[in-house]
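Working notes for the structure below.
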Amino acid sequence: MKVAEELRYLVLAVQREGNRLLAAELRPLGITPSQAEVLRVLRDHGPLTLNALGGLLVCETGNSPSRLVDRLVAQGLVERDIDPDDRRYLALSLTKDGRALCRRIVAAERVLHNTIDKLVAGQPVSETISTLRAVAEAFPTGEALARRRDTE
């Protein structure tokens, strides 16, 4: 197996397992990992227009931001208001229930992060992160993650 091919499949395997573990933690909360990402981005960076939100998401392709937001609005977790900076746009923000759910999402994510921390204990993780950033930032989802990292 070539190095690039192995890297690709290792990233895919880790992503799938991480998503599977996170989905299991989120299932009792009634949301998916993609919906949880929307809520966390709005908590950390909101209020945001739909376009700005989409520019910060890394979730699976096929999950359009507008459909995710529509579901979250219907669940009473996200609200749409007129953007105070530009009245032509709607600003998305968390409702009281959305903020409360975010606290539970953080706890669910902590379980996954603790598992990862145990798995990589003693490994040269910073080199791995540098390598993955170099590859990911060549793509739109990697750019979205970089924008989120840069605004924290």
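Could you look through the stretch 16-45, keep only residues that are small (G, A, S) and in a helix (DSSP H, G or I), and pick out the one that is surrounded by the most Cβ atoms within 10 Å (Cβ to Cβ)?
My answer is A36.
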Whichever residue in the stretch 51-76 is in contact with a strand residue (DSSP E or B) (Cβ under 7 Å, 6 or more places away or on another chain) and buried (at least 17 other Cβ atoms within 10 Å of the Cβ) and, among such residues, is nearest to L145 (Cα to Cα): L53
Near pairs, Cβ below 6 angstrom, 6+ apart or cross-chain, from the stretch 81-97 (touching a residue at least 40 places away in the same chain (Cβ under 8 Å)) to any residue that is small (G, A, S) and surrounded by 10 or more Cβ atoms within 10 Å (Cβ to Cβ): S93/G46
Some residue of the stretch 67-80 being farther than 28 Å from T115 by Cβ and either touching a residue at least 24 places away in the same chain (Cβ under 8 Å) or under 15 Å from the mean Cα position of the chain (by Cα) (or both): yes
Any hit, the stretch 93-105, residues being surrounded by 11 or more Cβ atoms within 10 Å (Cβ to Cβ), more than 20 Å from E25 (Cα to Cα) and not hydrophobic (A, V, I, L, M, F, W, C): yes
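Every residue, every condition in (1) within 17 Å of the chain's Cα centre (by Cα); (2) among the basic types (K, R); (3) within 18 Å of L50 (Cα to Cα), yes or no:
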{"site": "P84", "(1), (2), (3)": "no, no, yes"}
{"site": "T115", "(1), (2), (3)": "no, no, no"}
{"site": "G122", "(1), (2), (3)": "no, no, no"}
{"site": "R148", "(1), (2), (3)": "yes, yes, yes"}
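Would you check if V11 is within 21 Å of T115 (Cα to Cα), surrounded by 11 or more Cβ atoms within 10 Å (Cβ to Cβ), in contact with a helix residue (DSSP H, G or I) (Cβ under 8 Å, 6 or more places away or on another chain) and modelled with pLDDT of 90 or more?
Spelling it out, V11 is indeed within 21 Å of T115 (Cα to Cα), surrounded by 11 or more Cβ atoms within 10 Å (Cβ to Cβ), in contact with a helix residue (DSSP H, G or I) (Cβ under 8 Å, 6 or more places away or on another chain) and modelled with pLDDT of 90 or more.
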Count - residues of the stretch 107-130 that are among the β-branched types (V, I, T) and in contact (Cβ under 8 Å) with a residue 40 or more places away in the chain: 3
Meets criteria (more than 23 Å from S130 (Cβ to Cβ), assigned to a helix (DSSP H, G or I), small (G, A, S) and out of contact with any Lys or Arg (no Cβ under 7 Å at 6 or more places or on another chain)) for A13: no
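The values are calculated or read from the model by the stated rules, or taken from the named source; none is laboratory data. Values in this document were obtained by computation on a predicted structure and should not be read as measured data. Please note: Cβ atoms are built from the backbone with ideal geometry, for glycine as well, and neighbour counts cover all protein chains shown.
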